[in-house]
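What follows draws every value from the coordinates through simple rules; no lab data is involved. For clarity, every value in this text was computed on a predicted model and none was experimentally measured. Here Cβ is always computed from backbone atoms with ideal geometry, including for glycine, and neighbour counts include all displayed protein chains.
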């Protein structure tokens, strides 16, 4: 991974991450960002404000985090929300009823569930694209927004953000990119033409499986102001303590992503050589991968035999996780639909942690030995 420069261009990302919150409390000189639990703030006098009135609207701890998120993604406005799903909901609150949305066919099951509910309520109309050619064909003057994952979850398919951005701009649609898997260290969608980026910050940005959070970053001040107004109106902001946890997680993001990626490549190499694996899905970057086992009847015993990997939902934490999308993250997608686009019952998804790569390989090896 490249040590990219931040928006200011003065320091590299590694330095920026380590310094989040430092030099921002001149009264005490605190290096660690304080947690401001106060829900309300004193007004100096009638008609005057310190800039902080009520914590749903603005909180000093959250402000440090949101500024850092905007800087990391090279956006104008960053917003911290109570979860990844509340981030998604916030973004889609922009569009009027009846809007037409084009979305990735392979995507997180929770996103599909939300989109499906919006359709049932008559809010929006969704069409789904599996390839770049599909996107080009489906995006039209009637399209309000395009929502993509790249790479997709869990099939790890990539599309060109630049090409899709060109098509959305041609038709005056908004391009929204879920950047959870890659983080700003590997991919910055706003630099590639996207209008809005979101993260389940529960995952890599937080990085320790101890936090539920979402992040939304807008490229333009205009869109950012609209989203900020809506977030204040609806109230799904991230609590001060969770903001502090996310700041702490961001400080080690670069170190963790380097290990995540190195471990993923080591695991991929092992899986490609295993006779019990028929396909490995890895885009070549990041810490996420999927693979298809030759006989899905072996999955239960395989999962039970793992010692270092934990069979659990979620991803992006320091601990390595293995997930069975069919019954976990993507269970809300109808079976026939899942099977049709390649999310078959023989697929397992891995989030490599920061353990020693050799230990991860050894764990997979002993589990395969047990079931063969």
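In this simple spin-label model, placing a label point 7 Å from the Cα along the Cα-to-Cβ direction at both residue 67 and residue 37 gives a separation of 2.4 nm.
Remark: the residue 140-residue 210 segment gains 21.0 nm on full extension, using 0.36 nm per residue and subtracting the alpha carbon distance.
Look at 101, 371 and count the other Cβ atoms within 10 Å of each Cβ; fewest to most, that gives 371, 101.
The distance between label points at residue 370 and residue 358 comes to 2.2 nm (points 7 Å beyond Cα on the Cα→Cβ vector). Once each part is reduced to its C-alpha centroid, what is the distance from region 101-179 to region 197-216 in angstrom? Spelled out, the Cα-based centre of one part sits 21 Å from the other. If one takes the longest principal axis of the Cα atoms in the chain, at what angle in degrees, from 0 to 90 and to the nearest 10, does the Cα axis of helix 60-72 lie? The two axes meet at around 60 degrees.
Kindly identify region 10-54 as rounded, prolate or oblate by the Cα gyration tensor criterion: order the square roots of the eigenvalues as a ≥ b ≥ c, call it rounded if a/c is under 1.5, otherwise compare a/b with b/c, prolate if a/b is larger, else oblate.
It comes out prolate by the Cα gyration axes.
Rounded to the nearest 0.05, the FRET efficiency derived from the C-beta distance between residue 131 and residue 12 at R0 = 45 Å is 0.80.
Taking 0.36 nm per residue of separation and subtracting the current Cα-Cα distance, fully stretching the chain between residue 226 and residue 319 would add 29.8 nm. Neighbour counts of other Cβ atoms within 10 Å put 202, 28 in the fewest-to-most order 28, 202.
Spacing of the modelled spin labels on residue 158 and residue 273, each 7 Å from Cα toward Cβ, amounts to 2.4 nm.
Taking only Cα atoms, what is the 0 to 90° angle, nearest 10, from helix 253-272's long axis to the longest principal axis of the chain? Here the helix axis deviates by roughly 10 degrees. Listing 352, 252 from fewest to most neighbouring C-beta atoms within 10 Å gives 252, 352. Most simply put, region 16-150 has about 10% antiparallel DSSP beta bridges, counting only bridges with both residues inside it. In the distance distribution for region 24-134, Cα-Cα pairs more than 16 Å apart total 73 percent. A Förster radius of 35 Å combined with the Cβ-Cβ distance from residue 336 to residue 93 puts the calculated FRET efficiency at roughly 0.65. Taking the longest Cα principal axis of the chain as reference, the axis of helix 109-120 is set at about 70 degrees. Full extension of the chain segment joining residue 30 with residue 258 gains 79.2 nm, where the gain is 0.36 nm per residue of separation less the Cα-Cα distance.
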